[in-house]
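Novice: Structure below; questions to follow.
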Amino acid sequence: MANNAAVSTPASIVFTPLTDNVAALGGAPDASISIGALTVQPGGTGVILAGTGDPNDVLDSYYGAGILRSVDGGNTWSLIRKTANKEDSLSAEDYYFAGNGFAGFAWSTVNPQVVVAAVSQAYEATQVDANRANASYEGLNCSSDSGATWHLATITDGGGNDVQGPLDTFRSPNGNAATAVIWNPVRQLFVAAVRFHGYYQSSDGVTWTRIAAQPGYGLTPKMCPSNTGSTGSIACPIYRGTLAVNPQTGDTFAWTVDLNNQDQGLWQDQCAISGGPPPVVPM
């Protein structure tokens, strides 16, 4: 059952493989059926997104070829290999998903067609040079048409200091890995974790800003500089961040480990919409 998107028949609880021999992957070189993230568009639209590539950063984390998309509940699939930045005149180039992994998807409840993808590193790709040179790109990507087309988002630390974006110099070697993304329906904000940078928020999925009160003692601007033209600093103690949200209260939870797999603790953002800024507290 592993490494495929599957459908359940409730009466008999039988799972049927949907992507083991999917035609959409036929023309993709070294295409992987490894699925790193899976999401169904809320509202019963029939749209399913499956991000290929395992983001777990171990030797058997097989890389993917892009996003598999279905509009008929998984009966048929198409493969989205890259962004549409160039076609939509948002930048001079498109950004490819080949050789990467997907860590998550999140849908907006303000605009139900907006979805964000967290594109991360698939470790095996770094061992076999599977990424497309100066083309494959990790980071946050946004779609405003239910995942049909995608655009690289802009991540900024404020003051004009971009982490990366479609108008910035291509980040060497392959962008900045996004390891988690969620939608907070109470705050009406996306929240994401970016390797060696910290935690970021966005109302539209297109432009992201660094959260002022970071969920960790070491996630400071000094330890986590923007590093224009490169990836983040390995001194920044976030190699992998994980996020969860309570949809009733808006409380957000963040858990982080650093490059050496040292636990940075579980933190809670206590939502206080009617009052001042909420405290971020360790648990």
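Novice: Out of the DSSP beta bridges found with both residues in the range 30-282, what percent are antiparallel (nearest 5)? Show your work: numbers first, answer last.
Specialist: Values: 56 of 62 bridges.
Of those bridges, close to 90 percent are antiparallel.
Novice: If you don't mind, there's one more thing I want to ask. If one computes the Cα centroid of the range 204-245 and of the range 130-177, what distance in Å separates the two points?
Specialist: 15
Novice: In the chain, with Lys and Arg counted as +1 and Asp and Glu as -1 at Cβ, which of these residues, Ser91, Gly229, Asn161, has the Cα nearest the positive end of the dipole, that is, farthest along it?
Specialist: Farthest along the dipole direction, towards plus: Asn161.
Novice: For an R0 of 45 angstrom, estimate the FRET efficiency from the Cβ-Cβ distance between Asp145 and Lys222 and round to the nearest 0.05. Walk me through the intermediate numbers first.
Specialist: Values: r = 40 Å, r/R0 = 0.88.
Given R0 = 45 Å and the Cβ-Cβ separation, E is 0.70.
Novice: Moving on. Within a Cβ distance under 15 Å of Asn75, other residues only, what is the Lys/Arg minus Asp/Glu net charge? Mind showing how you got there, number by number?
Specialist: Details: positive: Arg69; negative: Asp20, Asp72.
Net of charged neighbours comes to -1.
Novice: How much net charge surrounds Cys236 when only other residues with a Cβ under 9 Å from its Cβ are counted (Lys, Arg +1; Asp, Glu -1)? Numbers along the way, then the final one.
Specialist: Details: positive: Arg195; negative: Asp258.
Net charge in that neighbourhood comes out at 0.
Novice: Only loop residues by DSSP count here, and only those with at most 11 other Cβ atoms within 10 Å; note down the GluC sites (Glu not before Pro) in the range 36-130 that meet that.
Specialist: Numbers: sites: Glu87, Glu93, Glu124; in loops: Glu87, Glu93.
Passing sites in the range 36-130 are Glu87.
Novice: Rounded to the nearest 500, what is the chain's calculated 222 nm mean residue ellipticity when only DSSP H runs of at least 4 contribute -39500 (n - 2.57) each, over all residues?
Specialist: Details: 1 runs with 6 residues, N = 283.
Rounded to the nearest 500, it is -500 deg cm²/dmol.
Quick note: the coordinates plus some simple rules give every number you see, no bench work behind them. Model, not experiment: these values are computed from the prediction. Backbone-built Cβ (ideal geometry, glycine too); neighbour counts: all protein chains shown.
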